[in-house]
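Heads up: the structure comes next, in C-alpha cells.
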Amino acid sequence: MYESLGPRGGEMDPHNKCMGGRMWCVSDICGIICAVMTWLLVTYAEFVVFTVTLGTANYPIYTTFNLLLFNIFAFLALSSHARAMFTDPGAVPKGNATRENIQRMGLREGQVIFKCPKCCSIKPERAHHCSVCQRCIRKMDHHCPWVNNCVGENNQKFFVLFTFYIALLSLHGLFLGIYQFVICVKSEWRECSSFSPPATVVLLLFLIFESLLFAIFTAVMFFTQVNAIWNDETGIEQLKKEQASWEKKSRWRSIQAVFGRFSLTWFSPFTTPPLPTKTHSYIFGPSMMLITCVTFT
C-alpha cells in the first residue's frame, strides 16, 4: 500500500536546509524580499531617529535614554525575526510514510494514521501541509512571508516576540517622530535638523507613517497569536472552525507549551522553551527510527 518514498539509512533530509543542513531556510523569493524589507525598514527608522529626531536634541539624558531604548527594541525585534526565520517550525521529513516506518509504529488493529499525499509523510495530529515550505508542519498556524517561514510548533515563541518588539519599536518611533515634528513646527526648521527643511519633512512623515502602519499591524497580529495560544488553537484551526479532536490543554499550560515555565526568558529570543514531558509516538526522522513528539503535561 505504501511505497518506500523517503530518505534511507541515516541520510539527512536536505529540503529547506542550508549551510550543510545546520540551518533551516525556505527558498521563496517573495518571502526573501519581505524579510529583507523588514530589516531595511528597521534600518531606515534607526537612521531617522539617530540623525533627525535625536541628532539635534539639546537634552543629553532624553537623547541617551531614548536612543538606548530604541536600539534595545530594534535589537530584540531583529533577533526574534532571525530566530523565527531560521528555526525549523516543526517540519515532518518528506517521504517517511514507508511500509517499514509504519510497521515500526506498532499500530493496534483499527488504529488509523494519515499520510500526506503531497509530501508522502506520516501526518501527525494537528499538522498541516504548507504549499510554500512544501512540508507538513506540526501545529502550523500560518505561513508568514515577513519571516519567510511557517509559524509552527518550534518557532511560534520567536514569531510572537517579533510582533511584540516590532509593535513597541513602532510605537516608540511614532512618539519620537511626532514629537520632533511638533518641535520643528514651533521653531526654525533649519535648526531642528541637519537636513534641509523639505528633506526633514519627508523623513519625519515617512517615519510616522511607517511606525503607525506597523504598530497597528503587529499589535493586531500579536494579540491574534496570544488569543490562539490561549485557546489552544492554531490560526488554521480557527479559520476552518475545526472541531477539536485533540485533548485541549488549560489556558496556562497552553501558554507554557509555547514559552515554557514563567520567567524573564519568556521575553528573550535567545532561549528555547524546555522540552515537555508527556509523549506521543510518531516517526519523524529520516533514519527510520521511532522518535518521540512531546507535549506539556
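The values are calculated or read from the model by the stated rules, or taken from the named source; none is laboratory data. Computed from a predicted structure; not experimentally measured. No Cβ is skipped: glycine too gets one built from the backbone with ideal geometry, and neighbour counts run over all protein chains shown. Note: areas computed on protein heavy atoms with side chains; ligands, DNA, RNA excluded. Shrake-Rupley method; radii C 1.70, N 1.55, O 1.52, S 1.80 Å.
Yes/no per residue for (1) in contact with a Leu (Cβ under 6 Å, 6 or more places away or on another chain); (2) at pLDDT 95 or above; (3) hydroxyl-bearing (Ser, Thr, Tyr):
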position	(1), (2), (3)
ARG22	no, no, no
CYS25	no, no, no
ALA35	no, yes, no
LEU41	no, yes, no
TYR44	no, yes, yes
THR64	no, no, yes
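Considering the conditions (1) in a loop (DSSP other than H, G, I, E, B); (2) more than 27 Å from GLY31 (Cβ to Cβ), CYS184 is excluded by exactly one of them, (1). Considering only residues in the stretch 263-286 that are at pLDDT 90 or above and touching a helix residue (DSSP H, G or I) at 6+ places or on another chain (Cβ under 9 Å), the one that is nearest to VAL151 (Cα to Cα) turns out to be PRO269. The listed residues are THR200, THR163, THR224, and the only one of them that is touching a Gly at 6+ places or on another chain (Cβ under 8 Å) and either buried (at least 20 other Cβ atoms within 10 Å of the Cβ) or farther than 26 Å from PRO93 by Cβ (or both) turns out to be THR224.
Of the residues LEU171, LEU176, LEU212, only one is in a helix (DSSP H, G or I) and either of a type in the set (D, E, K, R) or touching a residue at least 60 places away in the same chain (Cβ under 8 Å) (or both); which? Give the steps one after another, and end with the answer.
Details: LEU171 fails: either of a type in the set (D, E, K, R) or touching a residue at least 60 places away in the same chain (Cβ under 8 Å) (or both); LEU212 fails: either of a type in the set (D, E, K, R) or touching a residue at least 60 places away in the same chain (Cβ under 8 Å) (or both).
Matching residue, one of LEU171, LEU176, LEU212: LEU176.
Just a yes or no: is a residue in the stretch 116-125 more than 16 Å from THR87 (Cβ to Cβ), hydrophobic (A, V, I, L, M, F, W, C), open to solvent by 30 Å² or more (accessible area, probe 1.4 Å) and in a strand (DSSP E or B)? Looking for residues that are more than 16 Å from THR87 (Cβ to Cβ), hydrophobic (A, V, I, L, M, F, W, C), open to solvent by 30 Å² or more (accessible area, probe 1.4 Å) and in a strand (DSSP E or B), one finds none in the stretch 116-125, hence no.
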